[in-house]
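Read through the structure below, which is laid out as structure tokens, and then see the notes.
The values are calculated or read from the model by the stated rules, or taken from the named source; none is laboratory data. Remember, predicted model here, so these are calculated numbers, not experimental data. Heads up, the Cβs are rebuilt from the backbone with ideal geometry, glycines too, and the neighbour counts pull from every protein chain shown. These accessible areas exclude ligands, DNA and RNA; they are computed on the full protein's heavy atoms, side chains included. Shrake-Rupley method; radii C 1.70, N 1.55, O 1.52, S 1.80 Å.
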Amino acid sequence: PVARFGILAAMPAEIAALRKVVTDQVEHKRGEVFSFTTGKLEGCEVVFGASNVGMVFAASAATTMISEFGATKLVFSGVAGGLLAGQSIGDIVLGASVINYDMDCRAFKYPWDPSYQLRLGETPFVEWAHV
């Protein structure tokens with residue numbers, strides 16, 4: 001596939017502005033849940049769509065963008081569940097770290113090193129999960 005920049009948001013309203021500025025739009029339905037649009041934004045090949053709310057939907061949509069539409073870079077746009085003091089709608093927030101927030105394996109113990117304490121979000125046997 002063509003190398004594209006992927007743009008995801010949870011809700012259709014969050015990608016509505018893209019529909020006004022992306023040219024050469026082609027809509028692609030994937031099952032009952034997903035609809036992706038390919039086109040050009042400022043001359044760059046893009047694919048965008050609404051993933052729906054939740055990490056599973058976001059992961060599925062991101063995987064589809066990469067595997068079926070050639071997305072080599074992805075950005076997720078949205079409100080991320082709220083704002084911190086000092087932040088406003090429209091601010092760009094870049095994460096300094098990643099955590100798998102719905103994974104709590106802190107009670108898990110490695111048989112070969114029971115003293116090792118897994119951190120919140122750390123997945124056993126997966127080194128990249130706590131970057």
- Cβ-Cβ under 8 Å pairs, at least 6 apart or on other chains, region 110-122 side of a type in the set (A, V, I, L, M, F, W, C), far side open to solvent by 80 Å² or more (accessible area, probe 1.4 Å): Leu118/Arg106; Leu120/Ile99; Leu120/Tyr101; Leu120/Asp104; Leu120/Arg106
- Selection count where residues are of a type in the set (Lys, Arg) and modelled with pLDDT of 95 or more, scope region 60-86: 0
- Filter region 96-116 down to the residues that are aliphatic (A, V, I, L, M) and modelled with pLDDT under 85, then identify the one that is surrounded by the fewest Cβ atoms within 10 Å (Cβ to Cβ). Ala96
